[in-house]
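Notes follow once the structure below has been shown.
The values are calculated or read from the model by the stated rules, or taken from the named source; none is laboratory data. Bear in mind the structure is a predicted one, so any value in this text is a computation, not a measurement. A quick note on method: Cβ atoms are made from the backbone with ideal geometry, for glycine too, and the neighbour counts reach across all protein chains shown. Ligands, DNA and RNA are excluded from the accessible area calculation, which covers all protein heavy atoms including side chains. Shrake-Rupley method; radii C 1.70, N 1.55, O 1.52, S 1.80 Å.
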Amino acid sequence: MNINEPLFPSGISLARAKKDAKKLKKLEDITLTQALNRVAQQHMSNPYVTWEQSITELKSTHAEVVALFEDCLSKSELEQFLSVIEQDTRAGDSFISITPANDGYIESDGNGGAMWPNPLIVSSDNVEYFCKMLNKMSFQDFQVLYLDYEMEELVSIDLYDMWENSNYPTYYVHDSIEFDANKDNDQLYDSYFELKRRVKLATDWCEKLA
């Protein structure tokens, strides 16, 4: 499924299907309407559907998929998050270690997307904000995977519930523990490095979904 334009179930775009119809019209000396209908029937795997019916169906399904991304993180939110990350190591002397705590992530030994900080060391002042942003990124990553696997038949299912029951990471403030940055300064900076890489991935997806 392409977030930017509707596609036929066969995977070809509307523009490509129109070009194929024009070629078919010339090849078999039929009207453009007949050619469009035959192309639609081929790529919809339905011998009775018309071009207009297929376009209506494809646009409707695509609109539902696009709606799933209305609450996705914006590029400006992620840029703000990066700014906070850069300042967080100087935010104070009190630091907290947070790790994904949902059963699905733990049982799968950390699967569900690359480069999730585990553990992540953050200042105690910003721990709630960091958990919120990490969870938003995790949910967005799950949505992107959903599209990659082209599971259009699940569009009507609540993706948020699916994400909560998946092996994608969920960070909880109440599962955080105190961390002594003076004893392990390398771990502090390593976790920030991984987090910034993860935010960069999320930003790249925002640009693709824009």
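Just one of Asp148, Asp190 is at pLDDT below 75 and charged (D, E, K, R); which is it? Before you say what the answer is, go through the steps one by one.
Numbers: Asp190 fails: at pLDDT below 75.
Of Asp148, Asp190, the one residue that is at pLDDT below 75 and charged (D, E, K, R) is Asp148.
So which helices (runs of 4 or more DSSP H) are wholly in region 1-120 and hold at least 3 residues that are farther than 30 Å from Ile177 by Cβ, at pLDDT 80 or above and open to solvent by less than 60 Å² (accessible area, probe 1.4 Å)?
Numbers: elements: 14-28, 32-44, 51-67, 75-88, 103-107.
Because the criterion is at least 3 residues that are farther than 30 Å from Ile177 by Cβ, at pLDDT 80 or above and open to solvent by less than 60 Å² (accessible area, probe 1.4 Å), the helices (runs of 4 or more DSSP H) in region 1-120 that meet it are 14-28, 32-44, 51-67.
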